[in-house]
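Coordinate-derived values only; no laboratory data. If you're wondering where the values come from, they're calculated on a predicted model, not measured in any experiment. Please note: Cβ atoms are built from the backbone with ideal geometry, for glycine as well, and neighbour counts cover all protein chains shown.
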Amino acid sequence: MLSKRIISCLDVRDGKLAKSVKFVDTQDIGDPVEKAREYYEQGLDELVFYDITASSEARGIMLDVVSRVAEQVFIPFSVGGGLRTVDDCSRVLLAGAEKVNVNSAAVKNPGLIAEASKAFGAQAVVLSMDVLRVPKSPQIPSGYEVVINGGRTPMGLDAIEWAKRGEELGAGEMVVNSIDADGTKVGYELTLTRLIAEAVSVPVIASGGGGKPEHLYDVLTEGKADAALVASMLHYGEYTVGQIKEYLAGRGIKVRMIKDEG
Amino acid sequence: MITLVDYKAGNLTSVRRALTHLGIPCQITADPEQVRRADKIIFPGVGAAGAAMSVLRERGLDSALKESFAAGKPILGICIGCQIILEHSEEDDAACLGLLDGKTIRFGRGAGWHPALLKIPHMGWNAVTVTQPHPLLSHLRPDDEFYFVHSYYPQPADPGQIYATSDYGGEFPVAIGRDNLFAVQFHTEKSGVVGLKVLENFANWQL
């Protein structure tokens, strides 16, 4: 049986680590390569690097971060942010990432998912979506709407429909990020996560709202997620990966435990 | 010096980075002559069996690998490199190298299979159980986990050629081999310390 994965997301701006809270007020909190290695050594299962830089000049800095991570960290990781074409995707994969993470660009151009999936395989394409809770309507029957541009632009697209479409187009995995929950540390959006996990047959990674180990337990059971994304819990040193996993294992969740040497 | 066979497989550079990190000298080549001259060969891979076999044939690497196996050179296959050493793969209905008897089959046929509960590809971390001791797996402890990404798995005809299994809707082989050939379905280069150790064991493997 597969273990439930604990994944951390590192937002990178101009080569530095940043953590967004409700997508505003980002603050630098360190070197992404150092953080990645620290979490790897703690037993993290996977990493996501999100490039939140706007300038094209900083894209080269990001590729340098990716290749330095690949030289030191021997777990899978994906890279997202600003990937608009198959060539963009190809560059981060060549730099050492296993997977690409597409978000806004895929909403604007769904063909990107299909092209990337054909070029690199579905396992290399992660569809990441930012989702906002809205009143149910004929257009948004689930009451969960896809938004882009860091949460600023609603797309009139139902998140459940988009997830199904993304799977058909060839996404091998989904990151479901609740903007309502992001940065609040009061728990993941369980209903949204469960609706998507039940709608698609690819793994679903819950994102946004994790503040305590019990929040991960909730989203991995009730939320039916295959993996949970943690950010501030780890970034501010409130918990180690080991502490989170020990808690989950204690409650019967299968997680990968790192054993001490000897 | 370990030679990495380049047949457009996606994880080639990841394997090279892992070896470099371990201080193990290696070179990447697509030249069948270089493969014939190699001391040890790693045969990695990500992708589809049919495409992999086409590239191997185009580059003349298929016969170089068969000759190297017959000559007794240590060979390590990873992922697709573990699947196409068998005779046939259900993926693309591809005729493969046939270094071992058997075939590569798709998940979902086992008695314990629940399609509603188990997703394909089998992607993520899973425990590997050693079923027969092998020098490349000598460091493994019960419940050590490795990283997998695959929809097909290798099934040698001779159960004596299976060294480790995992469980995903039923047991399936994840490490197979005979003589100078060893191959693993999981990604040693992405499985943390226990994975790196498999590569280190291969570098130190004396036949």
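Things worth noting here:
- Highest-first arrangement of B:73-82, A:66-75, where packing means the average Cβ count within 10 Å: B:73-82, A:66-75
- Label sites at B:Thr131 and A:Met257, each approximated as a point 7 angstrom past Cα along Cα to Cβ, lie 2.6 nm apart.
- FRET E, pair B:Ser63, B:Asp101, Förster distance 30 Å, beta-carbon r, rounded to 0.05: 0.95
- Among B:His139, A:His215, the ranking by other beta carbons within 10 Å of each residue's beta carbon, starting with the fewest, stands as B:His139, A:His215.
- Label point 7 Å beyond Cα of B:Lys8 along Cβ direction - residues of the stretch B:58-98 with amide nitrogen under 20 Å: B:58-65, B:78-85, B:89-97
- Fully extending the segment from B:Arg178 to B:Asp93 would add 28.2 nm, taking 0.36 nm per residue of separation and subtracting the current Cα-Cα distance.
- Net length gained if the chain between B:Leu207 and B:Asp39 were fully extended (0.36 nm per residue, minus Cα distance): 59.3 nm
- Of the beta bridges in the stretch A:5-250, as assigned by DSSP with both residues counted there, near 30 percent are antiparallel.
- Look at the stretch B:15-21: the mean tally of other chain Cβ atoms within 10 Å of its residues' Cβ atoms is 2.
- The mean number of Cβ atoms from other chains found within 10 Å of a Cβ in peptide A:65-77 is 4, as a whole number.
- Going from the fewest other Cβ atoms within 10 Å to the most, the residues A:Leu94, A:Leu229 appear in the order A:Leu94, A:Leu229.
- Listed values for the stretch A:58-74 are Karplus-derived 3J(HN,Hα) couplings in whole Hz (6.51 cos²θ - 1.76 cosθ + 1.60, θ = phi - 60°), namely 6, 4, x, 4, 5, 4, 5, 4, 4, 6, 5, 4, 4, 7, 10, 10, 10, and x replaces Gly and Pro.
- GNM top mover of A:Phe120, A:Phe49, A:Phe77 - chain A, alpha-carbon springs below 10 Å: A:Phe120
- Legend: mean number of C-beta atoms from other chains within 10 angstrom of residue C-beta atoms, peptide A:121-130, equals 2.
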